[in-house]
1. Pull out all pairs, ordered by first then second residue, where Cβ-Cβ is under 7 Å, the residues are six or more apart or on different chains, the first lies in the range 13-41 and is within 16 Å of Glu260 (Cα to Cα), and the second is basic (Lys, Arg) and open to solvent by less than 50 Å² (accessible area, probe 1.4 Å).
2. Output the residues belonging to the range 274-300 that are in contact (Cβ under 8 Å) with a residue 12 or more places away in the chain, under 21 Å from the mean Cα position of the chain (by Cα) and farther than 18 Å from Trp154 by Cα.
3. When you go through Thr284, Thr297 one by one, which is the residue that is surrounded by 11 or more Cβ atoms within 10 Å (Cβ to Cβ) and closer than 27 Å to Arg140 by Cα?
4. Looking at the range 19-60 only, could you name the residues that are open to solvent by 50 Å² or more (accessible area, probe 1.4 Å) and assigned to a loop (DSSP other than H, G, I, E, B)?
5. For the range 188-209, which residues satisfy the criterion of being under 21 Å from Glu173 (Cβ atoms) and either without any contact (Cβ under 8 Å) to a residue 40 or more places away in the chain or of a type in the set (Phe, Trp, Tyr) (or both)?
6. Please work out which residue is nearest to the chain's Cα centre (by Cα), limiting yourself to the range 263-273 and to residues that are open to solvent by less than 50 Å² (accessible area, probe 1.4 Å) and in contact (Cβ under 8 Å) with a residue 60 or more places away in the chain.
7. Of the residues in the range 235-288, how many are assigned to a helix (DSSP H, G or I) and of a type in the set (Gly, Ala, Ser)?
8. Take Leu202 and decide whether it is more than 30 Å from Phe114 (Cα to Cα) and in contact with a Phe, Trp or Tyr (Cβ under 9 Å, 6 or more places away or on another chain).
Amino acid sequence: MTQSFDTPLPPPKERRRLRELGSLTQAQLAARLGVSRETVRAWETGRSTPSGRKRESYGNLLASLTEVEPPGEVTVPHSPPPAPKVTVSLSKAASHPKPPTPASAAPLTPTQAFDALYAFCAPALVRQAYLLTGRRELARESVEQAFQVAWQRWPEVAVDPDPASWVRATAYEYALSPWHRFRPRYRHPEPPPADASDRALLDALLTLPPSYRRTLLLYDGVGLGLPETAAETEASTPAAANRLLHARSAIAARLPDLAEPDVLHRRLAKTASTERLRAAKPPTVRIDSERRARFWTRAAIAITVTIIGATALTLHTAPTRYEPPVPPGETVPGVPPRAAPGTLSTAELTLRAKLRTESANGPEKLLPEPR
């Protein structure tokens, strides 16, 4: 072994940063070194370290990327690099979470930062959502909804270490919501892709459970590592690995030519790139988000005022003291019922005759005699 084989390598995170700085995807870097994309991913996550001639080639390539780095340049590219459209559509824009930041000294305003994040991530997210749902309109709606929520919570999203992943997770959750099946506009399927191979791949994806579909897209489509995929899908790393293996097996059973992960990655990117999926402009998303926030704020105020008015009316009309209700009559046991009057006695008949014959008014009127 020669001295050149002990080429020092930067830390794993620095390796990934240098690759991103050179506008290279993991697949492109793997093609230059003659290794697989999974090997490059393992080098960048620290799970393995190259040795021998591969270490020397890898170190020289990273050193060349370091030499072209201008001083004072930020680590995130200002805009999506001019890589092939098929690769950028799924892997590049979505696997590099941080939005582009200008190298100027003046800080960005919240509007400028949001627009930069949207322009950097929205095109790729629309394509990913289309692969998740198979619906063009739902894909655009999911991405716009995610960015509207992000704009409403911008103070929280702006300081997030990975704002693109925050928006991506929100878009995925909205796209895979089971409540869409009850909406009238989504009860009928959309026209399938024109290409037969794209239709077959999309049909195979839609037969997978949503969690398997999402794991496969994040790992083989976007290019995230297994721990990042498990964290974004809120699952353990072994569970994410099992979902990935089952999803690959199901795809390979229906489409044997996609058994290789690299081939599957290229086909996913190609299928998503052939569709004309355009997201709305950033100002439109911000205006819709602000309009929706105003609507819900006014609705909350109206509901609160209604509750306060109903409470005040109740307090005004309620009685100030307790009045017990009158209970219905009940039969008291042991008391004989009241009898009706019977026939008059002789004394009563004599008194009645006297009352009828005597004068009823005047000084001669009848007065009762005491007994």
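The values are calculated or read from the model by the stated rules, or taken from the named source; none is laboratory data. Everything numeric here is computed off the predicted structure, so don't read it as measured data. Here Cβ is always computed from backbone atoms with ideal geometry, including for glycine, and neighbour counts include all displayed protein chains. In case anyone asks, the SASA skips ligands and DNA or RNA and just uses the protein heavy atoms, side chains included. Shrake-Rupley method; radii C 1.70, N 1.55, O 1.52, S 1.80 Å.
1. So the pair list comes out as Gln26/Arg37; Gln26/Arg41; Ala27/Arg37; Ala30/Arg37.
2. If the condition is that a residue be in contact (Cβ under 8 Å) with a residue 12 or more places away in the chain, under 21 Å from the mean Cα position of the chain (by Cα) and farther than 18 Å from Trp154 by Cα, then Leu277, Arg278, Ala279, Ala280 are the ones that fit.
3. On the way: Thr297 fails: surrounded by 11 or more Cβ atoms within 10 Å (Cβ to Cβ).
Going through Thr284, Thr297 in turn, just one is surrounded by 11 or more Cβ atoms within 10 Å (Cβ to Cβ) and closer than 27 Å to Arg140 by Cα: Thr284.
4. Gly34, Arg47, Thr49, Ser51
5. Matches in the range 188-209: Pro209 only.
6. So the first thing to find is which residues in the range 263-273 are open to solvent by less than 50 Å² (accessible area, probe 1.4 Å), and the list is 263-265, 267-269, 271-273.
Subsequent filtering for residues that are in contact (Cβ under 8 Å) with a residue 60 or more places away in the chain retains 265, 267-269, 271-273.
Values: His265: 25, Arg267: 27, Leu268: 23, Ala269: 24, Thr271: 24, Ala272: 22, Ser273: 24 Å.
It comes out as Ala272.
7. 11
8. Numbers: more than 30 Å from Phe114 (Cα to Cα): yes; in contact with a Phe, Trp or Tyr (Cβ under 9 Å, 6 or more places away or on another chain): yes.
The answer is yes for Leu202.
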